[in-house]
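Asks: Here it is: the structure, laid out below.
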Amino acid sequence: MPEKEEIYGIVEDVIYRKEDTGYTVLDVASEDFELITVVGVLPEISAGEEVHFIGAWDRHPTFGRQFRAEAVERTMPTTAASMLKYLASGAVKGIGPSTAVRIVEAFGEDTFEVLENKPEKLASIRGITLDKAKKISEEFRRTNEVREIMIKLEALGLSVNESINAFRVFGANSVARVSENPYVLCSYGIGVGFERADAIAARFLEKPDPNYRIKAGIMHVVSYNLASNGHTCLPREKILAPCSDLLDTDKDTIDIVTDTLVEERQLTSFEMDGREYIALPYVYEAEYMSALKIRQMIKFPPAGRQTLDKEIDRLEKANKIKYEKLQREAIVTAVEKGILILTGGPGTGKTTTVNGILELFERDGLNVVLCAPTGRAAQRMSEITGKEASTIHRLLEAERGTDDLMTFARDERNPIDADVLIVDELSMVDVLLFSALLKALPLGCRLVMVGDNDQLPAVGAGSVLHDLLESGLLPVVELSEVFRQAMESLIVTNAHKIVNGEEPELARVDNDFFHMEREDSRRAVYDIVDLYKNRLPKAYGLNPVTDIQVLCPSKKGDAGTVNLNHLLQEAINPPAKGKEEYKTMTRTFREGDKVMQIKNNYNITWERKKEKGEGIFNGDIGTLLEINKKTGTMKIDFDGRVATYPSESFSELELAYAITVHKSQGSEFEAVIMPVISVPPNLCYRNLFYTAVTRARKKMITIGTKSTIERMVENDRKIKRYSALKYMLKAE
């Protein structure tokens, strides 16, 4: 880790500044008059300011030696020369270079005193009226106030980026708000977590009201369970112990403050099956509105029509296929009732059935819209139907709202243009996205939902598909017969064995699923790298980056994603002359790397041919095309969408040569390699293994021990998620 150093100087020029991120490139004249390039996320700095930077030296392969600043202290210019440089830079609205010269020539080192307190003197300068002088004075004072606020926020312990975000939210009241209650930083999308707010508060000489900390801690526990565990709500008694441990206070206090949060509507309390539950208000509303919309669709169903057997016979003849009984039932149900959940495992004919439903709707002249939760799932949907499909986010025109929550341009007031909506991969749709989708359905729109209930639940909150099925309110057709052609695939037959609790066939080496028995994790890892880099590409002509995916149960250990990503990156994309890198303490990104977005970001811009848009979402996988250290940006290609990443969003990326099974939902890959060795007990269960197997199109390779596979298949533990959708659906 580079040793921290300090430099002092005067800003000569602002080479580059990205306003929304604060990433800045400066030329600074040091004390010995050496011109230094300084880069970093910095508050708004103007030429002429006297600066003190703390950071480390770095060498850019193109631009040479530069100082990467981590913190800065600033003082206003004190000499006439530095004042002139400051004003001529455009730091004060209304003063350009020539006007700056006239002002400084007239007032010298008293210039700033005149600008701030004596605008009538400023009016003596040629070309400046008294009215203009007053406006310049107001702007100078405003600029100084903003600068002082940023300095005071940093003095409170906030980083530059946190200070910028806090000022964006609280404006002139930033210092007062944070000084009174540093835990307010946990809200409003400022990007400060509870532990970080705790660290900031610890620096205060005068400690904030302890209730602020308790409230923030309770909100943190509830929010954490939403984000990390997928719960939409929690039994009230379940939050008492973790909150008490986190905050080092008694459960009675937690109980009392929870009541206060409910009264203030920061939390919602409701009863379900005689038990009190706590939820975040916007999550509760999403479940409630989803249930309300579904019940309305059942009570006032979309217009249907009778489907004749001869129509389906004509479909069979035209497409040279033969529908089995349940496939016919699904097609009839969709057309006659206008609402359907279609489920089934691999090889059961879901694709063929969806195409039949789609064709009948289009023959009726209906506008059919297709969507899926992820870009890869939407792309696959397009391939199998021959019709354009989009992500749900794109269909709803997602954008960032307040508190970093997503909002959508499409809703009940501006519904999507569709007579029929077909949604694929419903198992990975969380309740927030499902609620938004239902809101945007126009009146009378038919709805067909397709999914596999044996896969892992959504990464986000809720158990939408499971709750819809469990409610028993909606028409459901579950395809169960595996077609003879699909039975030839060991991937398909083993997937069905796994879901039925039977041991998969592991002895064969002449099909599309084979197992490599390895007792030693280091040997298994060596073979994974060899398969990825050499054996699969040579044997089957696969591209390692685009066609092969390593899926791991865990991030940790020899066979976890962290270690495998490091080894695979070095094997597939090693350092090379002219290949840019971006390094942090824990990872290195390199041009050519396979990377994945790990959280929704609605602000990242992208282009695809002539199309432009915003938003890259959790689980999207792409290739890192370019690292531009001068501008502090990366360009990443996500299946044709080339996105520009600012520096503060780099932390939302991970290498993706190896990813967790959870992150693979909604995607399919030509070949999947899965380590099955040293799997943590909490990740050793059936539907995780099933989900991994069903991600493979043509080749599935497991490397590890048969005993691990046996334990995974035997363990039918389903992830327990607290949710209220099923209860709300059945409530009168």
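Asks: Lysines near residue 533 by alpha-carbon distance under 24 Å, same-chain residues fewer than 8 away left out - which ones?
Replies: 555, 556, 577, 579, 583, 594, 663, 698, 699
Asks: Mind listing which trypsin sites (Lys or Arg not before Pro) in the stretch 360-461 are in a DSSP loop and have 10 or fewer other Cβ atoms within 10 Å? Please report the intermediate quantities before stating the final value.
Replies: On the way: sites: 363, 376, 380, 387, 394, 400, 410, 413, 439, 446; in loops: 387, 410, 413.
Here the trypsin sites (Lys or Arg not before Pro) that fit, given the DSSP loop and packing criteria, are 413.
Asks: Still on this model: Tell me the carbon and sulfur percent of the accessible area for the stretch 170-275, rounded to whole percent, probe radius 1.4 Å. Write out the running numbers ahead of the final one.
Replies: Working: 2530 of 5430 Å².
Carbon-and-sulfur percentage of accessible area, whole number: 47.
Asks: Checking the a/c ratio against 1.5 first, then a/b against b/c, what shape does the Cα gyration tensor give for the stretch 667-708? Each step should come with its number before you reach the end.
Replies: On the way: a/c = 2.76, a/b = 1.61, b/c = 1.72.
It is oblate, given that a/c is not under 1.5 and a/b is not larger than b/c.
Asks: For residue 251, list the lysines whose Cα falls under 21 Å from its own Cα; do not include residues on the same chain fewer than 8 positions away.
Replies: Those lysines meeting the cut-off are 215, 238.
Asks: Report which label in (i) 199; (ii) 186; (iii) 159 holds the value of volume of the Cα convex hull per residue in Å³ derived from the coordinates of this structure.
Replies: (i)
Asks: Which order, highest average first, do 335-348, 504-517 follow once you tally other Cβ atoms within 10 Å for each residue and take the mean per peptide? Don't jump to the answer; show the numbers that get you there.
Replies: Working: 335-348: 21.7, 504-517: 15.4.
Ranked by mean Cβ neighbours within 10 Å, highest first: 335-348, 504-517.
Asks: While we're here: How much area per residue is accessible in the stretch 92-210 when the probe is 1.4 Å and only protein heavy atoms are counted (Å²)?
Replies: Working: 6150 Å² over 119 residues.
In whole numbers, the stretch 92-210 has 52 Å² accessible per residue.
Asks: Next question. Modelled label-to-label distance, residue 70 and residue 113, 7 Å Cα→beta-carbon offset: nm?
Replies: 4.0
Asks: Per residue, how many Å² of accessible area does the stretch 645-692 show with a 1.4 Å probe?
Replies: Ligands and nucleic acids excluded, the figure is 21 Å² per residue.
Asks: So how strong a dipole does the chain carry about its Cα centre when Lys and Arg Cβ are +1 and Asp and Glu Cβ are -1, to the nearest 20 debye?
Replies: On the way: 95 positive and 112 negative charges, 369 e Å.
That gives the chain a dipole magnitude of about 1780 debye.
Asks: Hey, another quick one. Using helices alone, I'd like the mean residue ellipticity at 222 nm for the chain: each DSSP H run of four-plus residues gives -39500 (n - 2.57), total over residue count, nearest 500. If you can, show how the numbers build up before the last one.
Replies: Numbers: 28 runs with 287 residues, N = 732.
Computed mean residue ellipticity for the chain: -11500 deg cm²/dmol.
Asks: Further question on the same structure: Excluding same-chain residues fewer than 8 positions from residue 93, which lysines have a Cα within less than 28 Å of its Cα?
Replies: 18, 85, 118, 121, 132, 134, 135, 152, 630
Asks: A follow-up question, please. Put a dot 7 Å past each Cα toward the Cβ at residue 59 and residue 718; how far apart are the dots in nm?
Replies: 5.9
Asks: Can you pull the Rg over Rh of the stretch 529-623, Cα-only, Kirkwood?
Replies: Rg/Rh: 1.00.
Asks: Moving to a separate point now. Quick one: if the Förster radius is 35 Å, what FRET efficiency do residue 470 and residue 530 give, using the C-beta to C-beta distance and rounding to 0.05?
Replies: Computed FRET efficiency for residue 470 and residue 530: 0.20.
Asks: Next question. Taking the Cα atoms only, what angle lies between the long axis of helix 490-499 and the longest principal axis of the chain, rounded to 10 degrees?
Replies: In the chain, helix 490-499 runs at an angle near 90 degrees to the longest axis.
Asks: Modelled label-to-label distance, residue 79 and residue 566, 7 Å Cα→beta-carbon offset: nm?
Replies: 4.9
Asks: In addition: With the convex hull built on the Cα atoms of the stretch 154-310, state its orientation-averaged projected area in nm². Can you show the working numbers first?
Replies: Numbers: hull surface 59.3 nm².
Hull-based average projected area comes out at 14.8 nm².
Asks: Let me spell out the model: positive unit charges on the Cβ of Lys and Arg, negative unit charges on the Cβ of Asp and Glu, origin at the Cα centre of the stretch 163-247. What dipole size does that give, in debye rounded to 20? Could the numbers behind the result be given before it?
Replies: On the way: 9 positive and 7 negative charges, 31 e Å.
Dipole magnitude for the stretch 163-247 comes out near 160 debye.
Asks: If you don't mind, another one. Take the Cα of residue 485, step 7 Å along the line toward its Cβ, and report every residue of the stretch 297-340 whose backbone nitrogen sits under 20 Å from that point.
Replies: 312-331
Asks: Skip the ligands, DNA and RNA, and give the accessible area per residue of the stretch 471-588 with a 1.4 Å probe, whole Å².
Replies: Working: 6460 Å² over 118 residues.
About 55 Å² of surface per residue is accessible.
Asks: Another question, if that's okay. Could you tell me how far the Cα centroid of the stretch 99-170 sits from the Cα centroid of the stretch 367-387, in Å?
Replies: 54
Asks: Got a number for carbon plus sulfur as a percent of the stretch 533-676's accessible area, 1.4 Å probe? Write down the numbers at each step before the final one.
Replies: Values: 2950 of 5970 Å².
Here it works out to 49 percent.
Asks: Would you kindly find the accessible area of residue 482, with a 1.4 Å probe and non-protein molecules such as ligands, DNA and RNA excluded, rounding to the nearest 10 Å²?
Replies: That residue has around 30 Å² of solvent-accessible surface.
Asks: Then there is this: Are there any GluC sites (Glu not before Pro) in the stretch 239-334 that are in a DSSP loop and have at most 10 other Cβ atoms within 10 Å? List them by number.
Replies: On the way: sites: 263, 264, 271, 276, 285, 287, 311, 316, 324, 329; in loops: 264, 324.
Passing sites in the stretch 239-334 are 264.
Asks: Another question, then. Would you please give the FRET efficiency between residue 509 and residue 229, computed as 1/(1 + (r/R0)^6) with r the Cβ-Cβ distance and R0 = 45 Å, to the nearest 0.05?
Replies: On the way: r = 40 Å, r/R0 = 0.88.
It comes to 0.70.
Asks: Express in % the proportion of alpha carbon pairs of the stretch 427-539 at distances exceeding 22 Å.
Replies: Details: 3637 of 6328 pairs.
Tail fraction, whole percent: 57.
The values are calculated or read from the model by the stated rules, or taken from the named source; none is laboratory data. It should be emphasised that the depicted structure is a prediction, and the values quoted were computed from it without experimental measurement. Here Cβ is always computed from backbone atoms with ideal geometry, including for glycine, and neighbour counts include all displayed protein chains. Remember, those area values only see protein heavy atoms, side chains included, never the ligands or the DNA or RNA. Shrake-Rupley method; radii C 1.70, N 1.55, O 1.52, S 1.80 Å.
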